1. Name every residue in segment 402-437 that is of a type in the set (S, T, N, Q) and either out of contact with any Lys or Arg (no Cβ under 6 Å at 6 or more places or on another chain) or crowded, with 20+ Cβ neighbours inside 10 Å (or both), in order of residue number.
2. Which is in contact with a Gly (Cβ under 6 Å, 6 or more places away or on another chain) and surrounded by fewer than 19 Cβ atoms within 10 Å (Cβ to Cβ), of L287, L316?
3. Filter segment 268-279 for residues that are within 13 Å of the ligand (Cβ to nearest atom) and touching a residue at least 40 places away in the same chain (Cβ under 8 Å) and give the result.
4. Taking interchain pairs and intrachain pairs at least six residues apart, which have beta carbon atoms under 6 angstrom, with the first residue in segment 191-203 and farther than 16 Å from D277 by Cβ and the second in a helix (DSSP H, G or I) and more than 6 Å from the ligand (Cβ to nearest atom)?
5. Within the bounds of segment 102-111, is there any residue that is among the hydroxyl-bearing types (S, T, Y) and assigned to a helix (DSSP H, G or I)?
6. How many of the residues making up segment 77-100 are small (G, A, S) and touching a strand residue (DSSP E or B) at 6+ places or on another chain (Cβ under 7 Å)?
7. Please work out if L115 is crowded, with 21+ Cβ neighbours inside 10 Å, under 28 Å from the mean Cα position of the chain (by Cα) and modelled with pLDDT of 90 or more.
8. With respect to K200, is the statement that it is modelled with pLDDT of 85 or more, within 16 Å of the ligand (Cβ to nearest atom) and surrounded by 14 or more Cβ atoms within 10 Å (Cβ to Cβ) true?
Amino acid sequence: LPIVAIIGRPNVGKSTLFNRLVGKRLALVDDQPGVTRDRREGDANLLGLEFRVMDTAGYEEDEAATLPGRMRAQTEAAVRDADVSLFMIDARAGITPLDAEIARWLRSTDRPVVLMANKCEGKAGEAGIYEAMALGLGDPIPFSAEHGEGVVDLFEALLPHVERDAEEGVEPEDEESPDAPLKLAIVGRPNAGKSTLVNKLLGEDRMITGPEAGITRDSISIDWQWPDAEGNLRAVRLIDTAGMRKRAKIEEKLEKLSVMDAMRAVDFAEVVVLLLDATRGLEVQDLKIADRVLQEGRALVIALNKWDVAENASSLFNGVKGALDEGLAQVKGVPLLTVSAETGKGLDMLMQVAFETRDAWSRRVSTGQLNRWFERAIETNPPPAPGGKRIKPRYITQNKSRPPSFVLFGTRVDLLPVSYQRYLINGLRKEFDFGAVPVRLALRASK
Ligand code: GDP
């Protein structure tokens, strides 16, 4: 990870910023009295930018006019090690001789520096901001570490220094590793063929199947491996919730319960396969389940089962496809596959698509890449100005994957019409290959 150092004289608010960037967890562990506070380090996440942050707080007792020796050594070492340093001043206190001395030294080095004027909430820091401009380190970022104001400006200032490593690929978390077991749930109405499918996939009679609705064991998760086209064994963790249906006696209850089953499974799953019975087509219940799965932010794959006995195959397929695209307005083009759980036809393709869908669902795009696309996107189709008010989008970052989630910053972006949000989401899908997994976009307006 790129390294960001926070430097400045005592009491300007370095630790508050550090805690804000790293989160409470580490602060609690390290903030005990007696613990050496020469340097604290932690992993930071600022609106999706990830970096390692070093806090050089300490020596608060040495409030002297000149930089005390140890603090100087500390600061110098931090600045040398860091990709960029955040030099913090207290805008309420104004520039002190010590600030000026640190600034002088910083100018003499070639290291990148971002000047931050802290304690700027309200208008309190205005005078200090002007004084800080005279330090010769560029315009300061008005900030409030205490209140979290100025975060977007800080993001903007750090971006060119910090994005480099993101391009090289952030280390994925364990969960996101492509080798982690694919958490798969198979849902669908009773008799769609879920148990038959599971048996076929596992290649053994692990579950009881029969023509009667609801004959299966209790919900259970099963680890197994699927040999892909290259002959690699891919780990899969499958959940079967079908067993829960056993308790229901009446047909309507079964219908209700299958939505609940589906939702239980969805909690656990990365990818949800919704199994349809080709001899019955798409029913309202199926659309309801599909919609809920997407709302929960899970990746969805739909399989038309019993294809071996389907009649009028092509018109059936097109009918289902059309009804899906119409019924699932939020995501178009959810993968629709034809399978036969009984004969095994189409199951390799199903598993392949399930893995690919998880890849898309877990994909992370670097902030640099994103914003290069973003600039083009808003140039090609500039945002509207509702009521004559100009909306100025500035930055976009991916703050989460699984499902891919983005935050858009800029002036009045909260006023962006849904149609324009959809334009951006579809653009993201195309550019970064998100396919038909749910993509989320949050809008954060800055003043
Ligand atoms: P579940 O309730 O969704 O678990 O459904 P089951 O797996 O118990 O299957 C219900 C019925 O459909 C059983 O009689 C299966 O033999 C039958 N079935 C399942 N898959 C297929 C298939 O691909 N083709 C055909 N022809 N029948 C199937």
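The values are calculated or read from the model by the stated rules, or taken from the named source; none is laboratory data. This structure is a prediction, so every number in the text was calculated from the model and none was measured. No Cβ is skipped: glycine too gets one built from the backbone with ideal geometry, and neighbour counts run over all protein chains shown.
1. Residues of segment 402-437 that are of a type in the set (S, T, N, Q), as a first pass: 405, 411, 419, 421, 426.
Within segment 402-437, S419, Q421, N426 meet the criteria.
2. Checking each option against the conditions leaves just L287.
3. V273, L274, L275, L276, D277, A278
4. none
5. Checked against the condition, which is being among the hydroxyl-bearing types (S, T, Y) and assigned to a helix (DSSP H, G or I), segment 102-111 yields at least one hit.
6. Adding up the residues that qualify gives 4.
7. No: the conditions fail for L115.
8. Against the criterion (modelled with pLDDT of 85 or more, within 16 Å of the ligand (Cβ to nearest atom) and surrounded by 14 or more Cβ atoms within 10 Å (Cβ to Cβ)), K200 qualifies.
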